[in-house]
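Here's the structure we're looking at; comments come further down.
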């Protein structure tokens, strides 16, 4: 694997667009400390008899300046560490930024309790007079009044946030910097290093021995540390329980969903809808087994393309060109910004030693968005570009249209824009191909997106629901218990058609999203919403695109379910999920006809 110095600058993001020098970062770090002191000194001013709308405005604007600058410092530090997690300097920088966020939280923690102790009508009057753009912010604040504590309690919770992040940080460092997977034999018999970045490539190999070897080596590595990883996961869950109890929620899940104002019924209905459609997954798995010519279908056989002969290695340039073409439906401005991102240092492209695995989009209000990739040249990597640039465009449009207070869109809608891009790219590629084998290959990929995003993420969601419920009931989360729970869910989802290999019971130990509890279900709801939006865009054209662009520009200016209703999707009903799973079934039938 190459080091970062061996990669050309054109394939690396330009973090210097945020801070050109370390001195500039240090100056802002000092400035945040000064602002924290100033903000802490304003404690009680809103409670004074002379307080009015101008007092409120001064407090809010100072908080905004403080948050904006702290976010910028933290984003730069964490993304710098992600370039090489083994770099001691960037580890230190990220640690300092994490501690700074905790200090900022403590310094500002008095504000919400102070505001909530005032008469709601009076506060809203001040808002209308001086800061009308904060109207929704205050509506949301008063909605959650029952879960905001006293100023002293809020300060303690803010100080505890850094400790609470410990389990996640430990897992991140272990998973990205310390854990090694050894070497395996490739299809030619060569010994090659197994990494998280190339693991999927090996699972896609037409050689079953390569797939099996990679699968077993991956879980052998995690299995050697299963008790440590169970302790880490358990600590994270206990943190979730602590904060849910402290904020007077009935459960961790209720607390997590309330931040998006999403009822737990939406979560439960998703699980129920997917469970009801498992027969269509069974049909696809039977087709997969037949197409691969296997007597038994194993867990490591679920990723290899059904038609490997049409799987061609793509250059990054080719992949990005296809993305640009596939997303042209979204208009000239959108396409122009995609080109800007490609040319202007938004994207970190290739896997390097120590670099954080996977892919993400991030950034801060004062910068353009950034995208981290680990590009390997596979078809899936092209769709990852479309996916992460969907996030980036959502961020760009929201930051441009919204004030800082509403610039950040809720996680519930975060996966919609990314998945719309993936599906539009898929539809474009399918429309252009005249080769039945290529069509079948693409359909298989589309079905894998459904399987991985709707079925698999819903299985993850059910695991999180059950694991947290067990812990909330006082049950210890051991490696054996977690593995048994996870293996049972795999049997439920895949066991009728797949020989569920014992190793898969350890998969819970390697999923980073489990350290951000009750996040993954949003992939499934977001995918379902995206299927509906793409259908509207392709059928209606410009009017649907206009509604969608308005959605991308909305940030966090309304509740997620309301924003989706404005674009034409109602996730309080099961219709979007049912319709998406109906498309899955129809796509299985279409692929079956080709094979």
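All of the numbers you see were taken from the coordinates with simple rules; none came from a lab. Note that the structure is a prediction, hence the values are computed from the model and not measured. Glycine gets a Cβ as well: all are built from the backbone with ideal geometry, and neighbour counts include every protein chain shown.
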* Asked: Rounded to a whole number, what is D in µm²/s for region 460-542 from Stokes-Einstein with the Kirkwood radius over alpha-carbon pairs (4 °C, 1.567 mPa s)?
  -> 87 µm²/s
* Asked: If you take the Cα Rg of region 336-477 and divide it by 2.2 N^0.38 Å, with N the number of residues, what do you get?
  -> 1.25
* Structure fact -> Taking the alpha-carbon centre of each part, the distance from region 85-113 to region 208-277 in Å is 25 Å
* Measuring from label point to label point, each 7 Å out along Cα→Cβ, what is the residue 174 to residue 333 span in nm? -> 4.7 nm
* For helix 521-540, what angle does its Cα long axis make with the longest principal axis of the chain, in degrees from 0 to 90 and rounded to 10? -> 80 degrees
* Report the paramagnetic label zone for residue 37: residues of region 141-166 whose backbone N is under 13 Å from a point 7 Å from Cα along the Cα-to-Cβ axis. => none
* Where the centre of each part is set by its Cα atoms, how far does region 289-365 sit from region 390-428, in angstrom? -> 17 Å
* Structure fact -> Helix 379-401 sits off the longest principal axis of the Cα atoms of the chain, rounded to the nearest 10 on a 0 to 90 degree scale, by 20 degrees
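Provide, as a two-decimal number, the C-alpha radius of gyration of region 320-382 over 2.2 N^0.38 Å, N being how many residues it has.
Here the answer is 1.20, to two decimals.
Per DSSP H run of at least 4 residues, take -39500 (n - 2.57); add these up for the chain, divide by its residues and hand me the 222 nm value, nearest 500 deg cm²/dmol.
When only DSSP H runs of four or more count, the value is -20500 deg cm²/dmol.
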* Structure fact -> So, for the Cα atoms of region 4-164, Rg and Dmax in Å stand at 18.8, 64
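Summarise the long-distance tail of P(r) for region 280-392 by giving the % of C-alpha pairs beyond 18 Å.
The proportion of pairs with Cα distances above 18 Å equals 60 percent.
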* Label residue 275 and residue 118 with points 7 Å out from Cα along Cα→Cβ: what is the distance between them in nm? -> 4.8 nm
* Where does the Debye-calculated log10 I(q)/I(0) of the chain sit at q = 0.07 Å⁻¹, using only Cα point scatterers of equal weight, no solvent? -> -0.44
* Over region 479-595, one equal point on each Cα, no solvent: what is log10 I(q)/I(0) by the Debye formula at q = 0.11, 0.13, 0.20, 0.21 Å⁻¹? -> -0.57, -0.75, -1.12, -1.15
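Please give the direction-averaged projected area of the C-alpha convex hull for region 205-269, in square nanometres with one decimal.
Working: hull surface 29.1 nm².
So the Cα hull casts an average projection of 7.3 nm².
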* Asked: Is the shape of region 180-230 rounded, prolate or oblate, going by the alpha carbon gyration tensor and its root eigenvalues a ≥ b ≥ c, with a/c under 1.5 for rounded and a/b larger than b/c for prolate?
  -> prolate
* Asked: Could you list log10 I(q)/I(0) for region 140-290 at q = 0.15 Å⁻¹, which the Debye formula gives when each Cα is one point scatterer?
  -> -1.02
* Asked: Share of antiparallel DSSP beta bridges in the chain, in percent to the nearest 5?
  -> 60 percent
* To do: Compute the projected area of the convex hull of the Cα atoms of region 102-199, averaged over all viewing directions, and report it in nm² to one decimal place.
  => 10.4 nm²
* Given the C-alpha centroids of region 510-567 and region 143-176, what is the distance between them in whole angstrom? -> 28 Å
